[in-house]
Amino acid sequence: MLGYLLKRLGQLPVTLLGLFTVIFLILRVMPGDPVAAYLGDVASPEAIRDMRIQFGLDKPVAVQYVETLWGMFKGELGRSFVSRRPVTETIMAVLPNTAILALAALVASSVLGMLAGILAALRINRLTDYVVMIFSTLGVSIPVFWLGLMLIFVFSYKVGLFPVAGVTTQPTLLAQVHALVLPTAALGLLFMSVVARMTRSSVAEILNMDFIRTVRAKGASERLIIMKHALRNAMIPIVTVIGINTGLLIAGTVLAETVFVRPGVGKLLVDAVLSSDYPVVQGTVLLIGMVYILTNLVVDLLYAWLDPRITLGG
Amino acid sequence: MAHRILSLNRIVRGPSFYRRHLEAVRVIRQSPRIAIGLSMVLVFLLVAVLAPWISPYDPIKINLRAKYTSPSATYWLGTDNVGRDVLSRLIWGTRVSLATAVLSIVFAVIMGGLIGVAAGFFGGKLDTLLCGFIDILLALPAFILAIILMGVLGRGFMSMIFSIGIGMAPRIARLVRGSTLVVKEREFVEAARSIGYGDWRIICRHILPHCLTPVVVYSTVLLGSAVMLEAGLSFLGLGMAPPTPSWGQMVTEGAAVMRTIPWIVTTAGSLIVILVLAFNLLGDGLRDHLDPSLRGEKFRE
């Protein structure tokens, strides 16, 4: 187990190096000049040359690559072309915002999704089941950004219950949570539907198994059957589906942050892409890649914990 | 006896053309999801093909005297910020959504198929190299990769097909590699090799046909994601170059004036939802029917 963990952690830098190389190549080798894009059409050739020198873009691509990589070993991701601030600092300033939003959506949608899924599995092929299935089928088809806009339209414009912006300068916890409700709902619905569908099918499958009949025959309460036996065994596919879909959550965060004008890593990435701010793009993408890979590792470790039959490493 | 001859006949000749089509009809009748999804997709396809004839106005013609008119008999769904007819733009937007989704998945299947077959069939160093490449691309969600590629390539139809396709290709590649590894060990491949068939012929005649079902099923599932990706990119301003009408972009344009004229956002967004729903129903139905083993992959982006 420990050996497996070390091996997987050892692979992390290799994949990240590969990811960095691919992103670097995409940004430098493909057409498009960040300096021209930044300074605009009216810039004089001297101004463009000065800026290229200032950001080290005049050097050969290979030299730029080694320099950027060396900087990263020292923990520096370079400076933003646009704001001139260090990238690490820029990312760290907004990272908590993104983490809070993503975690809130993850927790809320996992809990609610599992509840809905269990309910549907217990009343399979009955009204509750149909309602859950119809809503979750619809839920996986609604884009995050559009759901966000519709929530703003209904709950901010019409009802006036929640603020339009997904972030607030008021320091009180209540105000913060209040502003977080709509973005979380917009981001969470899709994920919740995915979890609900998976929970329904795996719990229903477990409930049909022989050992559940045995437990029932022993006179165990329905609650014990569900909580201790069915859910625990159904957890493996559920955890898988949560792990597989972290990508959806990350992509959704980008859109939710844009819709609710909430400063965060996703919005930072989009703004950097739109303004050809390469160092910021590189930094945010590496961070997203790292989070994505680590989540997958955590999911694999959770398997082993939930199902002792699975041995890792083999 | 009659039964035996019949089954023998079936083994020798395989299902006839007629029987194969009967099978399709049976599948559609048995699975309401496939039937509903397929008919919805067909309606969208029809609208896309007939766009020049059924749209009441030119979708990109600017008419500043008629900007932001409410829905009326002249303009059924009103007009946008420069007086373009919303309904016509929605109808033409169907083309963009369908074409981007289908072509990006076709691109992904070709790229991913080639990589997957090469990695699985030849194995060794090539496999290690290609798998490493796949793992790197899979270290990013498809949407994030597409955002970066669109930023570099610039807005437009071809960039969008490429950007979305690259995100989907490693997922197809992994699937095809897996199938190839299994099929490669089967007796008929050994038999083909023993009578002197070359690699190329074995791949085309024996390996690829066996990968077909899972790839078709998975591609259909991915089509819904591709529509979502296209809409998301367009929403961020990283999709089609204006003035080409696209639903995601119409949502952005409509969002600016949502408080007073909500119908642009609502109609464009609803169409995205319905098209994604159609592909999801079709994909899920096909998967449950043809290849239940893909279940876990269900919502992989």
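Calculated from the alpha-carbon coordinates, the stretch B:67-215 shows an Rg and a Dmax of 22.0, 74 Å respectively.
Residue-wise HN-Hα couplings along the stretch A:293-302, as the Karplus relation 6.51 cos²θ - 1.76 cosθ + 1.60 with θ = phi - 60° gives them from phi, are 5, 5, 4, 4, 5, 4, 4, 4, 5, 4 Hz; Gly and Pro carry x.
Treating each Cα of chain A as an identical point scatterer and ignoring solvent, apply the Debye formula and state log10 I(q)/I(0) at q = 0.16 Å⁻¹. Per q value, in the given order, log10 I(q)/I(0) is -1.30.
Taking amide H atoms as placed 1.01 Å from N in the peptide plane, the amide H of A:L77 lies under 5 Å from those of A:V87, A:T88, each 5 or more residues away in sequence or on another chain.
Peptide B:96-105 is shielded by partner chain Cβ atoms: per residue, an average of 0 of them sit within 10 Å of its Cβ. Strictly greater than 23 Å: what percent of every Cα pair in the stretch A:80-207 meets that? In whole percent, the long-distance tail amounts to 47.
Relative contact order for chain B using alpha-carbon pairs under 8 Å, separation at least 6, rounded to a whole percent? Intermediate results must be reported in sequence, preceding the final value.
Values: 424 pairs, mean separation 66.5, N = 301.
After rounding, I find 22 percent.
The convex hull around the C-alpha trace of the stretch B:17-79, projected and averaged over every direction, spans 6.9 square nanometres.
The lysines within cross-link reach of A:K7, meaning a Cα-to-Cα straight distance under 25 Å and a gap of 8 or more places when in the same chain, are A:K74, B:K125.
In order along the stretch A:106-111, phi translates into HN-Hα couplings of 4, 5, 4, 6, 5, 5 Hz, rounded to whole numbers, per the Karplus curve 6.51 cos²θ - 1.76 cosθ + 1.60 with θ = phi - 60° and x for Gly and Pro.
So which trypsin sites (Lys or Arg not before Pro) in the stretch B:130-237 pass both tests, a DSSP loop state and at most 10 other Cβ atoms within 10 Å of the Cβ?
Qualifying residues, ordered by number: none.
Based on DSSP H assignment, which helices of chain B show an axial Cα extent of at least 27 Å together with a mean Kyte-Doolittle hydropathy greater than or equal to 1.6? Provide the component values of the computation, followed by the final result.
Details: long enough: B:32-54 (32 Å, 2.16); B:86-122 (53 Å, 1.78); B:157-184 (38 Å, 1.06); B:208-235 (39 Å, 1.39); B:263-290 (40 Å, 1.31).
The answer, listed by residue number, is B:32-54, B:86-122.
Couplings for the stretch A:161-168, taken from phi via the Karplus curve 6.51 cos²θ - 1.76 cosθ + 1.60 with θ = phi - 60°, read 8, 10, x, 6, 7, x, 8, 9 Hz in order; Gly and Pro are left as x. Based on Cα atoms of the stretch A:63-146, Rg over Rh with Rh as the Kirkwood radius reads 1.31. Using all pairs of distinct alpha-carbon atoms, the Kirkwood hydrodynamic radius of the stretch B:101-142 works out to 11.0 angstrom. Normalised by 2.2 N^0.38 Å, where N is the number of residues, the C-alpha radius of gyration of the stretch B:107-167 stands at 1.24. Ordering B:S31, B:S72 from the fewest to the most neighbouring beta carbons within 10 Å gives B:S72, B:S31. Where does the Debye-calculated log10 I(q)/I(0) of chain B sit at q = 0.07, 0.08, 0.13 Å⁻¹, using only Cα point scatterers of equal weight, no solvent? These q points yield log10 I(q)/I(0) values of -0.35, -0.45, -0.98.
Residue exposure proxy: A:E67, B:E187, ordered by other Cβ atoms within 10 angstrom of their Cβ from fewest to most, comes out as B:E187, A:E67. Within 10 Å of the Cβ of each residue in A:142-154, the mean number of Cβ atoms contributed by other protein chains is 6. Normalised by 2.2 N^0.38 Å, where N counts its residues, the alpha-carbon radius of gyration of the stretch A:53-94 equals 1.21.
Go ahead and estimate [θ] at 222 nm for chain A from helices alone: -39,500 (n - 2.57) per DSSP H run with n ≥ 4, summed, over the residue count, rounded to 500.
Working: 13 runs with 224 residues, N = 314.
The helix contribution divided over chain A gives -24000 deg cm²/dmol.
Equivalent ellipsoid of the protein assembly as shown: semi-axes from √(5λ) of the C-alpha gyration tensor, largest first, are 39, 32, 30 Å. The P(r) of the stretch B:18-127 has a tail past 25 Å containing 53 percent of all C-alpha pairs. Partner chain Cβ atoms within 10 Å, averaged over the residues of B:227-239 - can you pull that number for me? Partner-chain Cβ atoms within 10 Å, mean over residues of B:227-239: 4. Distance distribution P(r), the stretch A:177-314, all Cα-Cα pairs, bin width 10 angstrom from 0: 11, 28, 28, 19, 10, 3, 1 percent. Legend: ranking of residues B:T100, A:T168 from fewest to most surrounding C-beta atoms inside 10 Å; resulting order A:T168, B:T100.
With helices as the sole contributors, chain B gives -24500 deg cm²/dmol at 222 nm; each DSSP H run of n ≥ 4 counts as -39500 (n - 2.57), and the sum is divided by every residue. Across the alpha-carbon atoms of the stretch A:255-294, the computed radius of gyration and Dmax are 10.3, 29 angstrom.
Read-outs throughout are calculated quantities, based only on the coordinates presented, and are distinct from any laboratory measurement. Here the structure is a predicted model, which is why all the values come from computation and not from measurement. Neighbour counts are summed over all protein chains in view; Cβ atoms, including those assigned to glycine, are modelled from backbone coordinates with ideal geometry.
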